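Visitor: Please read through the structure below; I'll follow up with questions.
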Amino acid sequence: MERNQMQMHRQIATIRKSLFDQGYLDEQFVQLEELQDNSNPNFVEEVVTLFYRDSARFLYNLDQALEKRPLDFSRLDSLMHQFKGSSSSIGAKKVKIECTHFRDYCNARNTEGCKRTFQHVKKEYTTLKKKLEAYFQMSRQAGPIETACRPR
Amino acid sequence: METINLCCDHITSPISKELHVLAVDDSNIDRKVIERLLKVSSFKVTVVDSGSRALQYLGLEEDNNSSQFDDLKVNLIMTDYSMPGMTGFELLKKIKNSSTLKEIPVVIMSSENILTRIDSCLEEGAEDYLLKPVKLSDVRRLKDSILKSEGAEIRRIQSHKRKRNNDRLPSSVACHDLSVPPPSPQQPTPKLARL
């Protein structure tokens, strides 16, 4: 395998490891990776792309709902429950944690708490999205490891 | 592929074909993941996004003169608990109250670990309650338990048919299966082999 490609793969592995070490991703992401193979080579990225799309919708709806006075805590909780579910399905660990905090404030009917934690949710989501986009872009550039290793 | 193969006279084992799962979830991410989990585990999969669509599908299946030889026969239903409209719990109840559908095992999937909820689902006849996100190990475990009960059912049907064949007049034909060659006189005794 070309030296450059080897370096890229090492870099990608390091980035991947840090995503887990820093708590951005959990075991569920590994489960998704295990479902990826030659017949479904882009499975993880496809699922994550679905997540971005769903998240945009959830976050928009939550934003709108948080503008209303008084707050409809039941609707907020329901929306956040769904968003938390999506986050959990891709292994978005930090996002999931912030969602839980938001729901706690919902249950306590705490308006300020909800507004504050929603900002944290958005921040964690945006951070994760940036990191994952960079990670997948690098992976695509490096190409599949098997092809790179196979002698021509 | 892990299946139970039968060497037997009149029955094409429906479980030497793939087990067919109907998965129900309103989340498109979860639908994609459960579909993949099931396919990787060698299930045939149909995915729908609501309880009402699930019932539609199961109703259609009934209209198609389903029998144990029908390719579309659903062997397992896996449903999300929290769905808008009909919840997974409501779907479970409808299935267990249906004379035609109640034998199909139903598994509930939920992100929430609420004991009272788990209890009510099991009381209503759910086969299992899986915490989301569902893992490969959950699906494998499920497959083993479904294969066991399907195997038991096949043995029961098989012994019933053998009895009927022994009792019947030569002119009546009970067997509908056309894909299995007619039994030879020296048919080995039916046995179950787990691969």
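The values are calculated or read from the model by the stated rules, or taken from the named source; none is laboratory data. All values derive from a computational prediction rather than experimental measurement. For neighbour counting, all protein chains shown are included, and Cβ atoms are generated from backbone atoms with ideal geometry for every residue, glycine included. The accessibility values were calculated without ligands, DNA or RNA, using every heavy atom of the protein model including side chains. Shrake-Rupley method; radii C 1.70, N 1.55, O 1.52, S 1.80 Å.
Visitor: Could you pull out every one of the helices (runs of 4 or more DSSP H) wholly within region A:16-95 that has 1 or more residues that are within 11 Å of chain B (Cβ to nearest Cβ), in contact (Cβ under 8 Å) with a residue 60 or more places away in the chain and of a type in the set (Asp, Glu)? Even if it seems obvious, please write down each step before you answer.
Guide: On the way: elements: A:27-34, A:43-67, A:73-90.
Because the criterion is at least 1 residues that are within 11 Å of chain B (Cβ to nearest Cβ), in contact (Cβ under 8 Å) with a residue 60 or more places away in the chain and of a type in the set (Asp, Glu), the helices (runs of 4 or more DSSP H) in region A:16-95 that meet it are A:27-34.
Visitor: (1) open to solvent by 70 Å² or more (accessible area, probe 1.4 Å); (2) part of a helix (DSSP H, G or I); (3) more than 23 Å from B:VAL33 (Cα to Cα): which one isn't true of B:ARG117, the others all being true?
Guide: (1)
One line per residue, one yes/no per condition, for (1) among the hydrophobic types (A, V, I, L, M, F, W, C); (2) on the phi > 0 side of the Ramachandran plot; (3) open to solvent by 70 Å² or more (accessible area, probe 1.4 Å):
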{"residue": "A:ALA13", "(1), (2), (3)": "yes, no, no"}
{"residue": "A:LEU25", "(1), (2), (3)": "yes, no, no"}
{"residue": "A:PHE43", "(1), (2), (3)": "yes, no, no"}
{"residue": "A:ARG57", "(1), (2), (3)": "no, no, yes"}
{"residue": "A:ASN61", "(1), (2), (3)": "no, no, no"}
{"residue": "A:GLU67", "(1), (2), (3)": "no, no, yes"}
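Visitor: Checking the structure you have, find out if any residue of region A:31-50 is closer than 30 Å to A:ALA108 by Cα, within 22 Å of the chain's Cα centre (by Cα) and of a type outside the set (Ser, Thr, Tyr). Please lay out each step first, then the result.
Guide: First pass over region A:31-50, keeping only residues closer than 30 Å to A:ALA108 by Cα: none.
Among the residues of region A:31-50, not one is closer than 30 Å to A:ALA108 by Cα, within 22 Å of the chain's Cα centre (by Cα) and of a type outside the set (Ser, Thr, Tyr), which makes the answer no.
Visitor: While we're here: If a residue has to be under 16 Å from A:ASN107 (Cβ atoms) and of a type in the set (D, E, K, R) to count, how many in region A:63-84 make the cut?
Guide: So the count comes out to 4.
Visitor: Between a first residue in region B:23-45 that is more than 9 Å from chain A (Cβ to nearest Cβ) and a second residue that is hydroxyl-bearing (Ser, Thr, Tyr) and open to solvent by less than 20 Å² (accessible area, probe 1.4 Å), which pairs have beta carbons less than 7 Å apart while being 6 or more apart in sequence or on different chains?
Guide: Cβ pairs passing all conditions: B:VAL24/B:THR79.
Visitor: Would you mention how many residues in region A:2-11 are assigned to a helix (DSSP H, G or I) and loosely packed, with under 15 Cβ neighbours inside 10 Å? If you could, list the steps in order and put the result at the bottom.
Guide: Taking region A:2-11 as the starting set, the residues that turn out to be assigned to a helix (DSSP H, G or I) are A:3-11.
Filter again for loosely packed, with under 15 Cβ neighbours inside 10 Å, leaving A:3-4, A:6-7, A:10-11.
So the count comes out to 6.
Visitor: A:ASP37 - would you say it is open to solvent by 60 Å² or more (accessible area, probe 1.4 Å) and within 14 Å of A:LEU128 (Cα to Cα)? It would help to see each step written out before you state the result.
Guide: Values: open to solvent by 60 Å² or more (accessible area, probe 1.4 Å): yes; within 14 Å of A:LEU128 (Cα to Cα): no.
Considered against the rule, which asks whether it is open to solvent by 60 Å² or more (accessible area, probe 1.4 Å) and within 14 Å of A:LEU128 (Cα to Cα), A:ASP37 comes out as no.
Visitor: Any residue at all in region A:74-84 that's aromatic (Phe, Trp, Tyr) and open to solvent by less than 50 Å² (accessible area, probe 1.4 Å)? Show your work before the answer.
Guide: Of region A:74-84, the ones aromatic (Phe, Trp, Tyr) are A:83.
Filter once more, keeping what is open to solvent by less than 50 Å² (accessible area, probe 1.4 Å): A:83.
Yes, that holds for at least one residue.
Visitor: Output the qualifying pairs, or none if there are none: Cβ atoms under 6 angstrom, residues six or more apart or on different chains, first residue in region B:74-100 and without any contact (Cβ under 8 Å) to a residue 40 or more places away in the chain, second residue assigned to a helix (DSSP H, G or I) and open to solvent by less than 20 Å² (accessible area, probe 1.4 Å).
Guide: Matching pairs, first to second residue: B:MET86/B:GLY51.
Visitor: Can you confirm whether A:CYS99 is open to solvent by less than 60 Å² (accessible area, probe 1.4 Å) and within 14 Å of chain B (Cβ to nearest Cβ)? Let's see the steps before the verdict.
Guide: On the way: open to solvent by less than 60 Å² (accessible area, probe 1.4 Å): yes; within 14 Å of chain B (Cβ to nearest Cβ): yes.
So A:CYS99 fits the description; yes.
Visitor: Can you say whether A:LYS94 is modelled with pLDDT of 95 or more, basic (Lys, Arg) and closer than 22 Å to A:GLN31 by Cβ, as far as the supplied structure shows? Working first, answer last.
Guide: On the way: modelled with pLDDT of 95 or more: yes; basic (Lys, Arg): yes; closer than 22 Å to A:GLN31 by Cβ: yes.
So A:LYS94 fits the description; yes.
Visitor: Can you report the number of residues in region B:121-155 which are open to solvent by 40 Å² or more (accessible area, probe 1.4 Å), more than 14 Å from chain A (Cβ to nearest Cβ) and assigned to a helix (DSSP H, G or I)?
Guide: Residues that pass the stated criteria total 10.
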